[in-house]
Amino acid sequence: MNKPISYYSTNLKTAEVSFREALLKGLAPDRGLFMPEYIPQVSEDEILAFCDMPYFEIAYKVMGKFLNTELPEKKLYELVKDAYNFDVPLEFVCDKKYVMRLDQGPTASFKDFAARMMGRLINYYLALENRQLIILTATSGDTGSAIANAFYGLNNIKVVVLYPEKEVTLRQRKQMTTLGENIQVISLDGKFDDCQALVKQAFSDHELEYLNLSSANSINIGRLIPQIVYYFYAYARLHKKHQSKDIIFSVPSGNFGDMMGGVLAMKMGLPIKKFIIATNANDEFPKLLKTQEYKKIEPSLNCISSAMNVGHPSNLSRLIALYGGVMDETGYISKQPDYTMMRKEIYAISIDDAQTRQTIKETYHQFKVLLEPHGAVGWAGLKAFIKDNPAADLQEQLFVSLETAHPAKFPEEINTILGIDPELPDSLKNIENKQEFIIKMENSYSAFKTFLKTSF
Ligand SMILES: *Cc1c(COP(=O)(O)O)cnc(C)c1O
């Protein structure tokens, strides 16, 4: 057994903590993000051995590098097997270029990979302490369903989701309301901001402290570590086929959690030649890499790849930390990272909506590959990189672009661009006829508080 890895805060103003503490805290006390002080290595032989393993076993091996000192190996194996019970297709496009579909989980979003594992790890530690936690979350649709599905059936965690009655689609609603068991869903007679305000007020209400309220926010280290795995998986599977010595990934990015998983995979020893970071019109990162000056985009721009409408990526301080710099939670850089090294390893590009739509059209007609807006930003980034590097012989290069959601989640956009209706994946199909459990509530804090006090 190795020495346990401890976790430092990117703001460097707080003591290092254990994985368990970082997981249960989420945010560091100095408002920084937790990062491993040491990055474990995976050898070439280990990577070669991944070639024929099912996804969950690769997950067990890769995450075990961080977690085998944190929970019994048998337990980790059990959690991983339970979390990753769905397919991870690598779809051929052309040459040695592929799209990795991270959209086969229960909410058809790549966020399932992180949320399902984080939920199981939290539940494991709570059970050890014989403790319960109530997760409160406000949603405009997608986050709520990902959280609700990831935590469904975990017996030490209860989930309360608030959504604005008139602002979610029928399909989004059903993904939350048909679960039951430990998932309670409130339909609020108000707007998304009202939902968020009620949740915030509950968190700061001392009279509710005894309830152990928590949020499942996206900056938790427990969401980052699972996102390392699919980079190893893609390389191992395709290496076996093509004998390629290295790989280039293109990652459609918003808060940069996805790409941080990839950068960590590279630092663990995966032969990644380059990362293509593709953003939508929110181009603060491509600008930073070019000019070494950081300017948030406030408010963020609305693009059709809506999950990437981020004007200040929450994981950027982690990336800066990995390259030796310090960025605080406001985006202020007190120590510059090594930009030369960053540019060597990362290519960043901004793709606008017109290019995104054009890409959906082209990949469909040229290759019969159906992308949705986020995955199309990734593929357009890959193409931009190739165009920008005409001298390099990229024909023989292995490329993987990430598809982060299922096209059926964006039926209107796809229909407008291609005139077809994408077929629903089974995960979304099965909910149509299921019974819904909905608690209707007026927009008032006292009603919400009474609900919390009487339900738990
Ligand atoms: C969240 C999300 C992204 C962005 O991922 P980050 O880790 O925030 O960069 C991209 N695509 C989809 C569909 C998402 O839901």
- request: Determine the percent antiparallel among the DSSP beta bridges restricted to the chain, to the nearest 5.
  value: 25 percent
field: Sulfur and carbon atoms: percent of accessible area, segment 190-309 [1.4 Å]
entry: 48 percent
- request: Run down the aspartates and glutamates and flag those whose C-alpha is under 12 Å from the C-alpha of LYS267, throwing out any fewer than 8 positions away in its chain.
  value: GLU345
Heavy-atom surface of the chain, accessible at 1.4 Å and reported per residue (Å²): 42 Å²
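Among the listed pairs LYS273/LYS335; LYS3/LYS75; LYS111/LYS240; LYS25/LYS440; LYS245/LYS274; LYS97/LYS429, which have their C-alpha atoms separated by more than 21 angstrom in this model?
LYS273/LYS335; LYS111/LYS240; LYS25/LYS440; LYS97/LYS429
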field: Per-peptide average of other Cβ atoms within 10 Å, ordering 157-168, 383-394 highest first
entry: 157-168, 383-394
statement: Pairs over 25 Å Cα to Cα, from LYS61/LYS174; LYS13/LYS296; LYS241/LYS344; LYS200/LYS287; LYS241/LYS361, come to LYS61/LYS174; LYS241/LYS344; LYS200/LYS287; LYS241/LYS361
- prompt: In nm, to one decimal, how far is the ASN155 label point from the TYR210 one, both placed 7 Å along Cα→Cβ?
  reply: 2.5 nm
- request: Restricting to segment 208-341, compute how many DSSP beta bridges are antiparallel as a %, nearest 5.
  value: 25 percent
message: To the nearest 20 Debye, how big is the dipole of the chain about its Cα centre, given +1 on the beta carbon of each Lys and Arg and -1 on that of each Asp and Glu?
response: 500 debye
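Report relative contact order for the chain in percent, whole number only (criteria: Cα-Cα under 8 Å, sequence separation at least 6). Provide the component values of the computation, followed by the final result.
Working: 865 pairs, mean separation 85.6, N = 456.
Averaging sequence separation for qualifying contacts and normalising by length gives 19 percent for the chain.
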message: Of ASN415, TYR364, PRO252, which is farthest towards the positive pole of the chain's charge dipole, taken about the Cα centre with +1 and -1 on the beta-carbons of Lys, Arg and Asp, Glu respectively?
response: PRO252
Intensity falloff of the chain expressed as log10 I(q)/I(0), Debye formula with alpha-carbon point scatterers, at q = 0.07, 0.09 Å⁻¹: -0.34, -0.57
- line: The farthest towards the positive end of the charge dipole of the chain, of the residues VAL160, LEU24, ASN68, given +1 on Cβ of Lys and Arg and -1 on Cβ of Asp and Glu, is ASN68
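Quick check: with the 1.4 Å probe, what order do ARG318, ARG101, ARG31 take by accessible area, largest first?
ARG31, ARG101, ARG318
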- line: At the level of C-alpha centres, the distance separating segment 435-456 and segment 85-136, in angstrom, is 29 Å
Segments 52-60, 425-433, 399-407, 138-146 sorted - mean Cβ within 10 Å per residue, highest first: 399-407, 138-146, 52-60, 425-433
- request: Calculate the dipole size of segment 402-456 relative to its Cα centre from +1 charges on Lys and Arg beta carbons and -1 charges on Asp and Glu beta carbons; express the result in debye to the nearest 20.
  value: 560 debye
statement: Here the net charge surrounding MET118, from other residues whose Cβ is less than 12 Å away from its Cβ (Lys, Arg +1; Asp, Glu -1), is +3
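The values are calculated or read from the model by the stated rules, or taken from the named source; none is laboratory data. Here the structure is a predicted model, which is why all the values come from computation and not from measurement. Neighbour counts run over all protein chains shown; Cβ positions are idealised from the backbone, glycine included. All accessible areas refer to the heavy atoms of the entire protein, side chains included, with ligands and DNA or RNA removed. Shrake-Rupley method; radii C 1.70, N 1.55, O 1.52, S 1.80 Å.
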